[in-house]
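To start, the structure itself, in structure tokens.
The values are calculated or read from the model by the stated rules, or taken from the named source; none is laboratory data. None of these values were measured; they are calculated from a predicted model. Because the Cβ atoms are built from the backbone with ideal geometry, glycine has one as well, and the counts that use them run over all protein chains shown.
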Amino acid sequence: MAYVFKNAQGNIVGNSSENLGDGWEFIEGNAKEYLDYLENSLAENAPFRESDIQLARVLEDLISILIDRGMLRFTDFPPAAQKRLNYRQSMRKKNRLSGIVDESRDFFTSLL
């Protein structure tokens, strides 16, 4: 289920999973104009997504360095953050061991 907001020309300029009030209208999730809007939004935001992915990697590495140097304890993080960090670390180890991902290559940029 999706709700969209359209500009004066009738083009979708926003979307939400819930009705946010005046101007928001229901649209079928498989409607062509909605799928086109989502595809265009993904393409326009690709540089930001790539940057977010790279920054997340830097933060993971920074956390590991700080823990390794004793400047930060893993237990300083809330349980939910510990769980996420453990999950990401195990994913990276599995990928490295299986040779699935070449971490020296920019995977997401190569898809565009």
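Is it the case that region 21-30 has a residue that's assigned to a helix (DSSP H, G or I) and surrounded by fewer than 10 Cβ atoms within 10 Å (Cβ to Cβ)? Show your work before the answer.
In the first step, residues of region 21-30 are kept if they are assigned to a helix (DSSP H, G or I); the result is none.
Looking through region 21-30, none of the residues is assigned to a helix (DSSP H, G or I) and surrounded by fewer than 10 Cβ atoms within 10 Å (Cβ to Cβ).
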What number goes with the only condition from (1) outside the structural domain of M91 (by TED's automatic domain parsing); (2) closer than 21 Å to R92 by Cβ that L55 does not pass?
(1)
Within region 66-86, tally of residues that are in a helix (DSSP H, G or I) and exposed (fewer than 11 other Cβ atoms within 10 Å of the Cβ)
5
Looking at Y34, Y3, which is the one that is among the hydroxyl-bearing types (S, T, Y) and in a helix (DSSP H, G or I)?
Y34
Across (1) modelled with pLDDT of 90 or more; (2) within 24 Å of M1 (Cβ to Cβ); (3) not charged (D, E, K, R), N45 clears everything bar (1)
Restricting to region 59-76, give me the number of residues that are without any contact (Cβ under 8 Å) to a residue 24 or more places away in the chain and under 19 Å from the mean Cα position of the chain (by Cα).
2
Conditions (1) at pLDDT 85 or above; (2) in contact with a Ser or Thr (Cβ under 9 Å, 6 or more places away or on another chain); (3) exposed (fewer than 12 other Cβ atoms within 10 Å of the Cβ): number failed by Q89
(3)
Any residue in region 83-104 that's among the polar types (S, T, N, Q): show its pairings with residues that are modelled with pLDDT under 75 at Cβ separation under 7 Å, as long as the two are six or more apart or on different chains.
N95/V101
